1. Restricting the first residue to the range 118-135 and requiring it to be in contact (Cβ under 8 Å) with a residue 24 or more places away in the chain, which pairs with a second residue that is of a type in the set (Lys, Arg) meet a Cβ separation below 6 Å and a spacing of at least six or different chains?
2. Applying the selection to the range 10-43, what residues are under 22 Å from the mean Cα position of the chain (by Cα), among the aliphatic types (A, V, I, L, M) and either in a helix (DSSP H, G or I) or surrounded by fewer than 12 Cβ atoms within 10 Å (Cβ to Cβ) (or both)?
3. Say we look at the range 44-83 and pick out the residues that are small (Gly, Ala, Ser), open to solvent by less than 70 Å² (accessible area, probe 1.4 Å) and assigned to a loop (DSSP other than H, G, I, E, B); which of these is modelled with the highest pLDDT?
4. Residue 102: farther than 30 Å from residue 16 by Cα and at pLDDT 70 or above, yes or no?
5. In the range 121-132, what residues are surrounded by fewer than 21 Cβ atoms within 10 Å (Cβ to Cβ) and not small (Gly, Ala, Ser)?
6. Considering the range 94-105 alone, what residues qualify as being part of a helix (DSSP H, G or I) and either over 13 Å from the mean Cα position of the chain (by Cα) or of a type in the set (Gly, Ala, Ser) (or both)?
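The values are calculated or read from the model by the stated rules, or taken from the named source; none is laboratory data. Predicted model, so just to flag it, every value in this text is computed and none were measured. Every residue, glycine as well, gets a Cβ built from its backbone with ideal geometry; the counts of neighbours run over all protein chains shown. Only protein heavy atoms, including side chains, enter the accessible area calculation; ligands, DNA and RNA are left aside. Shrake-Rupley method; radii C 1.70, N 1.55, O 1.52, S 1.80 Å.
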Amino acid sequence: MLADRLRRSKSWVDKVERGVRALDRYSVIQELAHVLRVDPEVLLGQQRPTPAGPLDGVDDIRAALACYDTSQAPQETDELRRQVGYAWLSYQHAHYGQLVRVLPGLLDAAQATRSQELLVQAYRITSSLLVKLGEADLGWLAADRAMSAAAMTRSWQQRRPSR
């Protein structure tokens, strides 16, 4: 499948994977990165510089994690599911600044919904982003919330009468 997407032979891909053939042209590395949906720096083993301080908006995420008031009207589950999907894509494409701006509202909406599954996903995205940004303590808090919400979902499903 990777060979097809790169328009290369399976043998070529196999040789690259085994280290027999080197990726010596940046254009090939860029093409491979595009197909894999990662930055070329990842394939080159280079780290992107991390911001010196927390991004603007991390404090807003902190406030959203600290808030238990769900006075917000619950959103439609389909709309919230779409927002959670968008957040995951933003994270996977390393659009962290954009995700930092979106997460406080997403957390508020997820906390107001009846869908524990979407709440768990919102906390997981938040945790992953915060750890990536060097806010590990806050990331652990979001991960703990995700685990608690998941445990509540599991206990609710076990108590639900089977049909």
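1. Between residues of the range 118-135 that are in contact (Cβ under 8 Å) with a residue 24 or more places away in the chain and residues that are of a type in the set (Lys, Arg), the close pairs are 123/145.
2. 32, 33, 35, 36, 42, 43
3. Among those that are small (Gly, Ala, Ser), open to solvent by less than 70 Å² (accessible area, probe 1.4 Å) and assigned to a loop (DSSP other than H, G, I, E, B), it is 57.
4. The answer is yes for residue 102.
5. Those that are surrounded by fewer than 21 Cβ atoms within 10 Å (Cβ to Cβ) and not small (Gly, Ala, Ser): 131, 132.
6. Passing the criteria: 97, 101, 104, 105.
Every residue, every condition in (1) of a type in the set (A, V, I, L, M, F, W, C); (2) farther than 24 Å from residue 95 by Cβ, yes or no:
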residue	(1), (2)
4	no, yes
10	no, yes
13	yes, yes
18	no, yes
23	yes, yes
26	no, no
38	yes, no
